[in-house]
Amino acid sequence: MIRSSDVLIVGAGPVGLTLGAELLRRGVAVRLVEKADRPHPHAKAIIMWPRALEALARIGAAEEVVARGHVIRAQNYSSGGRRLARTRFDGLTGTRHPYALSLPQEQTEAVLRERFLALGGEIEFGARFGGLRQDGGGVQVEFSGMDGAERWESRCRWLVGCDGAHSAVRRALGVPFTGASYPQQFLLADGPWETPLGHDEAHYYMTPSGVVVIVGLPAGQYRVFVSVAPDAPVDDPVRTVQEAASERVPVPVHLLGSPRTGVFRVHRRAAERFREGRVLLAGDAAHIHSPAGGQGLNTGIEDASSLAWRLAGVVHEARPESVLDEWERERRHVALSVVRDTDRQTRLWTMRGWRCRVRDAALHVAQATGVLDRTVVPRQAQLTLAYPGPRRRIGRLAVGGRLPDVPLPQGGWLHDLLRAAPDVCLVLFARPGSPGPDLAAGRWRTVPGVDVVQVESEAVRAALGLRGEVSAVVRPDGVVAEVDEIGGRRVTAWLERYLSPVPAARGGE
Ligand SMILES: Cc1cc2nc3c(=O)[nH]c(=O)nc-3n(C[C@H](O)[C@H](O)[C@H](O)COP(=O)(O)OP(=O)(O)OC[C@H]3O[C@@H](n4cnc5c(N)ncnc54)[C@H](O)[C@@H]3O)c2cc1C
């Protein structure tokens, strides 16, 4: 079988599905191949943070995910049975989702599959990526069927490996996956647990024999997640999880029925490159981390969201290929930050001896001084992760940072105004009746690919900390690309650069 496509995505996990849906929405011919013969039922991620929900909103999947999910409002840290810290998520500002959403990954994937299919996509199950050869115009890809007997080749202009931690695409490129593995084993049991612990909260119990994390799931269930020693027998995972919970948690935690279980090792690694010519790596194929703080799925969905508009621009020959290097620079920076943050948290979980006393004192101080609420939680929610570059900001609008989402006086939210944007959006935050915006936006209103949005609300400007009239260029992934006073040169210069013609030789095939 030989079929060609603009973009071939390997792996129909959450990252491949998000990328596929975003590309279809942008008119790119996509093929999505998956080695399994059906969707995976494994118990993996549960926590979704606001920024990933915003990425899902852009492809029309957030509403259903939120409807199916269960809202988690706080997290509690205890050491030796004593509670040290508690942070509430409702203090998160600049988002309509001031919470963590708990939803088993296979349900998130089911919603994404529905969206991908509704946008005209097709998932080719039972197609295992085996190898690739690149040339100037595209990529020749080898596949095999489920039993390995059937083999075929296919061609695409661009290939994205969203094929998870053991990525065959990454191996075919020979890109090193640098990092290390944690010695402990981790087990989880999702199911009907009986406990007085708040169902809309996450509970971390750190003890010398390991950690227990308990988080509410939809339909009244809980996830109980434990670490055990590297060499501990885990042939009966249900018993191991129950015993660890009973021993380490100071209140009753009893399993009432049969749970879904998982036993796994945890790693911290990042690919040394996310792009090699016409092949890119996203999601777990590019970076893996400990599940501490629920970051992997979220980071992967944002990789996809921030890649899709650029790759679509390159395919349509409207953007130079260098935007893919910019994507790699930005997302590797985020991936390395997430690996560092989750590593720190995993080490906190597994400390012993005098280090536990230092950790407990530090957590206590972080709680008392508000550092957990002000700094740690917004970062965990990925709201404050910013890309490298100039640290220019006006009020809460920072170049390389996410555009905060704030309520509009007429109802709805600021991000709703961007959702329909085909490409970049020039947002003008003006005083009611001011002539400034017309002068500043006049030339852009008719330019294809630039959407101009005018927000004349004192409340919105106050919520964004803007004193004067300000214009901002917002990229399709919700990131502020440039900010200036209305009529300022910087915004105009950014748009002129962005819209400048692409040299023919670099525009694609
Ligand atoms: C126990 C656990 C708890 C977690 N909790 C959280 C959490 O709460 N929040 C969070 O954000 N993250 C969490 N994560 C991480 C999250 O599960 C991953 O980051 C996420 O699955 C990555 O998605 P992906 O699409 O990149 O890869 P995957 O989900 O691994 O999907 C890759 C797909 O590629 C397919 N594939 C592989 N090889 C090939 C091939 N050769 N050819 C064709 N197809 C192929 C696979 O079959 C699979 O369908 C958790 C992980 C674990 C294990």
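Read-outs: derived from the displayed coordinates by stated rules, not from any lab. Remember, it's a predicted structure, so these values are computed and weren't measured experimentally. Note that we place each Cβ from the backbone using ideal geometry, even for glycine, and neighbour counts take in every protein chain shown.
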Discussion item. How compact is the range 97-246 by the rule of thumb for globular proteins, expressed as Cα Rg over 2.2 N^0.38 Å?
Written reply: 1.43
Item to complete: Please provide three numbers in whole Å: the alpha-carbon extents of the range 365-440 along the principal axes, with the largest listed first.
Response: 50, 32, 25
Worksheet item: Within the range 1-120, what percent of beta bridges assigned by DSSP are antiparallel, to the nearest 5?
Response: 75
Worksheet, complete the sentence: Bridge orientation stat for the chain from DSSP, antiparallel percent rounded to 5, came to 70
Practice prompt. Place a +1 charge on the Cβ of each Lys and Arg in the range 393-504 and a -1 charge on the Cβ of each Asp and Glu, then give the dipole magnitude about the Cα centre in debye, rounded to the nearest 20.
Written response: 240
Practice prompt. Specify whether the C-alpha gyration tensor of the chain places it in the rounded, prolate or oblate class, a ≥ b ≥ c being the square roots of the eigenvalues: rounded for a/c under 1.5, otherwise prolate if a/b is larger than b/c and oblate if not.
Written response: oblate
Discussion item. Using the crude model of +1 on Lys and Arg Cβ and -1 on Asp and Glu Cβ, and no other charge, please compute the dipole size for the chain relative to its Cα centre, in debye to 20.
Written reply: 1420
Worksheet item: What size of dipole, in debye to the nearest 20, comes out for the range 233-363 about its Cα centre when the only charges are +1 on Lys and Arg C-beta atoms and -1 on Asp and Glu C-beta atoms?
Response: 520
Worksheet, complete the sentence: For the range 305-440, shape from the Cα gyration tensor axes a ≥ b ≥ c, cut at a/c of 1.5 then a/b versus b/c, turns out oblate
Response to the item:
With x for Gly and Pro, the residue-by-residue ³J(HN,Hα) of the range 452-465, computed from phi through the Karplus equation 6.51 cos²θ - 1.76 cosθ + 1.60 at θ = phi - 60° and given in whole Hz, is 10, 10, 10, 10, 9, 9, 4, 5, 5, 5, 5, 5, 9, x
Practice prompt. Mind running the shape call on the range 393-504? Use the C-alpha gyration tensor, a ≥ b ≥ c as the square roots of the eigenvalues: rounded below 1.5 for a/c, prolate if a/b tops b/c, oblate otherwise.
Written response: prolate
Practice prompt. Would you give the gap between the C-alpha center of the range 241-269 and the C-alpha center of the range 65-100, rounded to a whole Å?
Written response: 20
Fill in: Signed unit charges on C-beta, dipole axis of the chain, positive-most listed residue Ala127, Thr207, Ala282
Thr207
Fill in: Gain on full stretching of the segment that runs from His40 to Arg265 - 0.36 nm per residue minus C-alpha separation
79.1 nm
Practice prompt. Run through the DSSP bridge list for the range 393-504 and note the antiparallel percent, rounded to the nearest 5.
Written response: 70
